[in-house]
1. For residue 199, which of the numbered conditions (1) surrounded by fewer than 17 Cβ atoms within 10 Å (Cβ to Cβ); (2) among the polar types (S, T, N, Q); (3) in contact with a helix residue (DSSP H, G or I) (Cβ under 7 Å, 6 or more places away or on another chain); (4) farther than 24 Å from residue 360 by Cα fails to hold?
2. Tell me whether the range 296-310 contains one or more residues that are more than 23 Å from residue 331 (Cα to Cα), in contact (Cβ under 8 Å) with a residue 40 or more places away in the chain, assigned to a loop (DSSP other than H, G, I, E, B) and in the same structural domain as residue 246 (by TED's automatic domain parsing).
3. Of (1) crowded, with 20+ Cβ neighbours inside 10 Å; (2) modelled with pLDDT under 85, residue 5 satisfies all except one. Which?
4. Being of a type outside the set (S, T, N, Q) and in a loop (DSSP other than H, G, I, E, B) is the filter here, so list the residues in the range 277-295 that pass it.
5. Go through the range 335-355 and give me each residue that's among the acidic types (Asp, Glu) and either at pLDDT below 95 or within 18 Å of residue 296 (Cβ to Cβ) (or both).
6. When you scan the range 322-347, how many residues do you find that are among the polar types (S, T, N, Q), crowded, with 16+ Cβ neighbours inside 10 Å and part of a helix (DSSP H, G or I)?
7. Look through the range 125-134, keep the residues that are of a type outside the set (Asp, Glu) and closer than 13 Å to residue 104 by Cβ, and return whichever of them is farthest from the chain's Cα centre (by Cα).
8. Filter the range 358-382 down to residues that are crowded, with 21+ Cβ neighbours inside 10 Å and under 21 Å from residue 283 (Cβ atoms), then give me how many there are.
Amino acid sequence: MGAVKLASENNKIHIFYVDTGYKYDMAVTYGPKLGMLSQRFRGRVLTDGEPGFHKFGSIEVESLPLMKSKPLRVLRTLRFAFRYIKAQRRAGDPVQLIVSYDVLTTGVIAWILALRFGLPQLVEVNGDYTAWSNYADIASPWKRRFKRWLYINVERFVLRRAGGIKLLYSRQLDYFRKSLPANSLSRVFPNFLDLSEFSNLGEDPKVVIVGFPFAVKGIDIAIAAFRKVAPDFPEWSLEVLGWYPGDEKALLDECIGDHSQIRHKTQIYKRDMPGYLGRAGVVLCASRTEGFPRVIKEAMQAAKACLVSDVGGLPDAIQHEVNGMLFRSEDVEDLAAKLRQLLGDAALRQRLGERAADYARAHYTTQSFVDNFGNLAAEVLARHGAAR
């Protein structure tokens, strides 16, 4: 029995996954995803946050204490990654694939590892760094232009050298397509989401918008539109959920002012999101740029009416007045009109929510993610082997 189990483990793809950025509540953040991925993978995830080791299925998570200095954090990540990959080689169980959560910091780290150890790299693309709204918080025009130029060129550099690219929607590569090799391997499929806990728990008269930072998530647009309709719907409120530090919190407070129907709710644990979204009336995404926010998929599963801007991958899933509603990004008047329509029609909210739940159940299964990710990884490895 042990020999059979060992053989099964050895047939899994051995990955090293770079996923820096503060993580907490590891059982919720990683448990379901890595448990499912253990069907086809084994190895280690390296991240920051609550320090320690965790194991979910056949994949370990090593979490390092958060450091304020980004350059030092990168160097430390490389040191711990080198140590693991070398140890696995000495043990006769080499890492086969380097995976990065994104194309910037983690993408560069993964590229260095792939280059040093002669391994293929699979990179996930979870945003659109060509959008100017990502840099709206930078006051200096030349600094804003430089940061965008830098991010775009780092992304191009990483994408050109990646063995495989995982996208949220096909248009994510439009800006870079001409500069990528003709045989670039990319696949489009949703990120992993365990939606099993999300359901409709009733309706509180509350519009919920989730996320940070302020400008990218269009919080100012949401507040301005809600102000226009609030007098006609005194029982409804707008709630901004998210962690807003320093200047961002001051900006949020200034935008809300003393409006009695608009409030800020600080972040909550992921394990509490099903109960929170389950009671929402409308879930709003007013982003200026977006990949596809997980909160909208969670809200769809919970049979909530979703009102979203027509950016990123959102129009690929949300059909206007079929399973949700779309508004023109940054158009306050259009958003206000759609809010007025939704808040004034309970039957419409119910119908859109039910159709959204049907869509989520059909498209956002955990098994489909494992199959898609596993097949992409196998294809990357096959290409890498053929090229050697």
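The values are calculated or read from the model by the stated rules, or taken from the named source; none is laboratory data. These numbers were taken from a predicted model, which means no experiment stands behind them. Here the Cβ is made from the backbone with ideal geometry for all residues, glycine too, and neighbour counts use every protein chain on show.
1. (4)
2. Yes, the range 296-310 has at least one match.
3. (1)
4. 279, 280, 281, 286, 288, 290, 291, 292, 293
5. 354
6. Qualifying residue count, the range 322-347: 0.
7. The qualifying residue farthest from the chain's Cα centre (by Cα) is 130.
8. Summing the residues that are crowded, with 21+ Cβ neighbours inside 10 Å and under 21 Å from residue 283 (Cβ atoms) in the range 358-382 gives 2.
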